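The values are calculated or read from the model by the stated rules, or taken from the named source; none is laboratory data. Bear in mind that the values here come from a model prediction, so they are computed numbers and not experimental data. Every residue, glycine among them, receives a Cβ derived from its backbone with ideal geometry; neighbour counts consider all protein chains shown.
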Amino acid sequence: MAVPKRKKSKSKTRTRRSALKATITGTKPCPQCGAAQEPHRICRSCGYYRGRQVVTVQAD
C-alpha cells in the first residue's frame, strides 16, 4: 500500500478543500410575476414554468 513520504502542508490541504464549499444558486426574475426564481424550476409564487401554469398556488 502506498504511503506518502512527506506530510501535506496546510496550504495544500486547504486548497484542495476549497472546492468542497457549497455555492449559492443564482436567481432571475419570473417573467409572469417578477418574483425571484431559480433557473429551470417552477416559480414558487405563481406556479408558472416556461409560460404555462404547471402548479396551482393558493394565496395566503
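Just give me the residues in region 15-41 being outside any loop (DSSP other than H, G, I, E, B), surrounded by 10 or more Cβ atoms within 10 Å (Cβ to Cβ) and not polar (S, T, N, Q), in sequence order. Once the filter is applied, which keeps residues that are outside any loop (DSSP other than H, G, I, E, B), surrounded by 10 or more Cβ atoms within 10 Å (Cβ to Cβ) and not polar (S, T, N, Q), region 15-41 yields 16, 29, 36. Filtered by the rule that a residue be modelled with pLDDT under 90 and either over 23 Å from the mean Cα position of the chain (by Cα) or farther than 22 Å from residue 38 by Cα (or both), region 9-24 gives 18, 19.
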